[in-house]
1. Looking at Asp186, is it more than 18 Å from Asp136 (Cβ to Cβ), more than 18 Å from the chain's Cα centre (by Cα) and not β-branched (Val, Ile, Thr)?
2. Name the residues in region 134-147 that are under 18 Å from the mean Cα position of the chain (by Cα), without any contact (Cβ under 8 Å) to a residue 60 or more places away in the chain and not in a loop (DSSP other than H, G, I, E, B), would you?
3. Of these, Val170, Val151, Val193, Val204, which one is surrounded by 13 or more Cβ atoms within 10 Å (Cβ to Cβ) and over 17 Å from the mean Cα position of the chain (by Cα)?
4. Would you mind telling me which numbered condition in (1) farther than 23 Å from Phe64 by Cβ; (2) in contact with a Ser or Thr (Cβ under 9 Å, 6 or more places away or on another chain); (3) β-branched (Val, Ile, Thr) Ile123 fails?
5. Quick one: is Tyr143 surrounded by 13 or more Cβ atoms within 10 Å (Cβ to Cβ), on the phi < 0 side of the Ramachandran plot and at pLDDT below 90?
6. Could you please find all residues in region 61-71 being more than 21 Å from His189 (Cβ to Cβ) and in contact with a helix residue (DSSP H, G or I) (Cβ under 8 Å, 6 or more places away or on another chain)?
7. Which residue, of Tyr158, Tyr194, Tyr176, Tyr171, is touching a residue at least 12 places away in the same chain (Cβ under 8 Å) and farther than 27 Å from Gly60 by Cα?
8. Would you be able to say whether some residue in region 82-93 is modelled with pLDDT under 95 and touching a strand residue (DSSP E or B) at 6+ places or on another chain (Cβ under 9 Å)?
Amino acid sequence: RTFIDGLALQTWLSKIEYPISYLDFEWDTFPIPPYQNMHPFDVLCFQYSLHIERKNGTLGHVDFFGTGDCRKDFIESLIENVPKEGTILVYNMDGAEKLRLIQLSEQFPEYEKDLMAICERMIDLSKPFEQGIYYDSRMRGHYSLKNLLPVFRADYTYEDLDIQNGMSAVYAYRNYEKSSASEQADIQHAIRVYCMMDTYAEHVIFHGLQHQLEQYQKQIMKSED
């Protein structure tokens, strides 16, 4: 039920350096630019989640949630919290987080150097699945985080969350400012938990790949004996 290109997976995993940052953004898209230096259909990042794993195995978490024109606060918080060394693992980064940082660097050129330094250390966690290096039949031909998480950890699921997908997160965010104070607290908590689940899923999947490679290598050694 599982296919592994052992050599390719080993090569990919060898590129990962500690501390490992697991990063995910949430954003909204605006056909009509609401803020300065934005173009039609640019996005505004209002949330990030960042799990940081040290070489000794400790796992910490920080995040950001903002409303209105929170772009500079988002940038400054991200630059402050992302470690200055190590790998930044992002899922499907080229069409998402990396593109968001490029847009922000164009809107705020004073932060371009720091934002591009983050981009340069990003590695796309989706590649082993996109390129067929690893495949499990339970994926059913799909390799989104939500499809992959139960393959590696059946005890974790998005189904237990108040917000279960990105579109629901955006819908909740759009209703935030017109909600009551208590409703705003619930909305913010739900969005933050959802985004945190994404970065924790990245952590689970990365270590799942490591474990699968170890098992594969043991089987190869056993067959050679």
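1. yes
2. Lys146, Asn147
3. Val151
4. Looking at each condition in turn, Ile123 falls short on (1).
5. On the way: surrounded by 13 or more Cβ atoms within 10 Å (Cβ to Cβ): yes; on the phi < 0 side of the Ramachandran plot: yes; at pLDDT below 90: no.
No, not satisfied.
6. Taking region 61-71 as the starting set, the residues that turn out to be more than 21 Å from His189 (Cβ to Cβ) are 69, 71.
Arg71, the sole residue that qualifies.
7. Result: Tyr176 is the single residue among Tyr158, Tyr194, Tyr176, Tyr171 that is touching a residue at least 12 places away in the same chain (Cβ under 8 Å) and farther than 27 Å from Gly60 by Cα.
8. yes
The values are calculated or read from the model by the stated rules, or taken from the named source; none is laboratory data. Worth saying up front: this structure is predicted, and the values here are computed from it rather than measured. As a convention, Cβ positions derive from the backbone with ideal geometry for all residues, glycine included, and neighbour counts pool all protein chains shown.
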